[in-house]
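A short worksheet on the structure shown next.
Only the coordinates and a few stated rules stand behind these numbers; no lab work does. Everything quoted here is computed from the prediction, not taken from an experiment. Cβ placement follows ideal geometry from the backbone for every residue including glycine, while neighbour counts extend to all protein chains displayed.
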Amino acid sequence: MIPRLTTVVAVVLPRRHQGSEKPPRYVFPDGTVPAPPTAMIIIPQLLRHLGYGQASISILAAGMILVGCGEVTPPDPHENQDLIVVRGAAATAALIDLGGQPGTSFWHWHLTAPANDRSGRAVLEVGNTMLSWRLAGATHADTLTGLTLCPDDPIVWHDQFIPADKSDIWTWLPIPRIQVRSPYYADLLDLVTSLTFPLHGDRVVHWAREPIPVVPSLARGSHVDFGACLAEAVTTWNSSFGKTLFEWDQVFAEGVRLVYRPGEILRPPMWARLLRTDEAGRPLLIHIVAGDNYDRPTALISAKRALVHELAHALQLWGHSLDPEHVLWRWGPVVDAPAAEEVLAVRWWRRLPEGIDLGRYGRSVELDPDGLKGQGAAVKQRDEGYQAPQAGAGLDQSRCNDRLVVPETLHDHALKK
């Protein structure tokens, strides 16, 4: 009986699909068929060839051998087998929230180590409550050195790096590639990482409380009612998002507060300042600081736009955009409300699982190689950081809206006591 078992196991290795056979569930574009899990082949074949009685004895004997009752040659880690990784409902729900769709897509994998050129085909299947990866020819040992997953359709999916030193429920989460209208960014992920990198790096962090509390303000300048402008800015964001992002709260000690400095001319005239975070890096308190620069009746529209801009920072879009049609334009807003893709960036950021590392994702193909996208402008902005224009540069400094202030965390503050 045991020799028959050995014969059955041999069919586990990948083979080429023949047209006269019943088509397998997956067939790679090159015609190869990924190997199914061993038990999925062994048990049905035993039942067919040996009958239920003898098959039961064979399976029992095989189990004894596998647990050490006899000498069995250990499997070669480089043997052409399939690595299967399954993620449950949480990862599947996160993928669908980010715009992914159930179905099957084809990929290829390769080891990240430059000294190792092993590679192979891969398939991703997304269901309603589970997603699974099948990497042809890969082994668990390959995941210990790090590998990269590249989609056959790079317009639909982002490339993904699987690190060797960490594995959590989000490690194998694929991210769909979503186009944006702005010519300055390659895709939505490029826009999101460019706007959030200055504060969080590539790690996703959410507010400690949502909706974000906002303290009403009674601040008034000589020509501008800052409290009324703040109320309009809150309404602008809530209306653009279609859901309450900010809520008024006079009791909660944290959230967003407007701080007016009468008689002070500030450069820049308004900025967002993150003062407190929890130990996980979640924002707890942000001040929007405004000076007495808005001293003309015509400055009212500038104050309103500036507060919409600062509330975008409160939503953790802490960077600045290269696109003048964005309220986060780096030289100060010239529009009254956030662009549709800025709203989408906020929505995407809130849906991304907290703690996921966006630095693991990239792109191998530019969607418009002859245009502005993919020319590294966003990366250049990220590396250099935001810089206000110098006097005499031909730009009005009053339009340079804010500066970056990196706070100490509550944890750091406690360590100093």
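Subtract the Cα-Cα distance of A164 and E210 from 0.36 nm times their separation in residues, and report this length gain in nm to one decimal.
On the way: separation 46, 0.36 × 46 = 16.56 nm, distance 3.42 nm.
Contour length minus the Cα-Cα distance gives 13.1 nm.
For the pair E354/A280, report the inter-label distance in nm, with labels modelled 7 Å from Cα in the Cβ direction.
For E354 paired with A280, the spin-label model returns 0.2 nm.
What is region 241-294's relative contact order, in percent, from Cα pairs under 8 angstrom and six or more apart in sequence?
Across region 241-294, relative contact order equals 42 percent.
Grab the Cα-Cα distance for R267 and T112, subtract it from 0.36 nm times how many residues apart they are, and report the gain in nm with one decimal.
51.1 nm
Amide H neighbours of N293 under 5 Å, counting only residues 5+ apart in sequence or on other chains, H built in-plane at 1.01 Å?
The list, which skips near neighbours in sequence, is L266.
Tell me, what is a quarter of the convex hull surface for the C-alpha atoms of region 154-268, in nm² with one decimal?
11.4 nm²
Roughly speaking, what is the stretch gain from I155 to R296, that is 0.36 nm per residue apart minus the C-alpha to C-alpha distance, in nm to one decimal?
Fully extending the segment from I155 to R296 adds 45.9 nm.
Just the Kirkwood number for region 225-353, please: inverse of mean 1/r across all distinct Cα pairs, in Å, one decimal.
15.2 Å
Going by amide H atoms built from the backbone, whose H comes under 5 Å of the H on D159, apart from near neighbours?
Hits under the 5 Å cutoff: G362, R363, S364.
Once you compute Rg and the Kirkwood Rh from C-alpha atoms, what is the Rg to Rh ratio for region 258-329?
With Rh from the inverse mean 1/r over Cα pairs, Rg/Rh is 1.01.
Give the relative contact order (percent, whole number) for region 82-162; include only Cα pairs under 8 Å separated by 6+ residues.
Reported relative contact order: 34 percent.
Convert each backbone phi in region 247-261 into a coupling constant with the Karplus relation 6.51 cos²θ - 1.76 cosθ + 1.60 (shift: θ = phi - 60°), then list the ³J(HN,Hα) values in order as whole Hz, x for Gly and Pro.
My calculation for region 247-261 gives 10, 6, 8, 8, 9, 4, 7, 10, x, 10, 10, 8, 10, 9, 10 Hz in order.
Go from 0 up to the bin containing the longest alpha carbon distance in region 117-181, width 10 Å each, and give me the % of pairs per bin.
Once binned at 10 Å, the Cα pair distances of region 117-181 give 18, 52, 27, 4, 0.
If amide hydrogens are placed 1.01 Å from N in the peptide plane, which non-local residues have theirs closer than 5 Å to the one on R220?
HN-HN under 5 Å from R220: F226.
Suppose each label sits 7 Å from its Cα in the direction of the beta carbon; what would the S364-Q179 distance come out to in nanometres?
Once both label points are built, they end up 2.1 nm from each other.
What distance in nm lies between label points placed 7 Å from Cα along the C-beta direction at W248 and D336?
Label at W248, label at D336, 2.1 nm between them.
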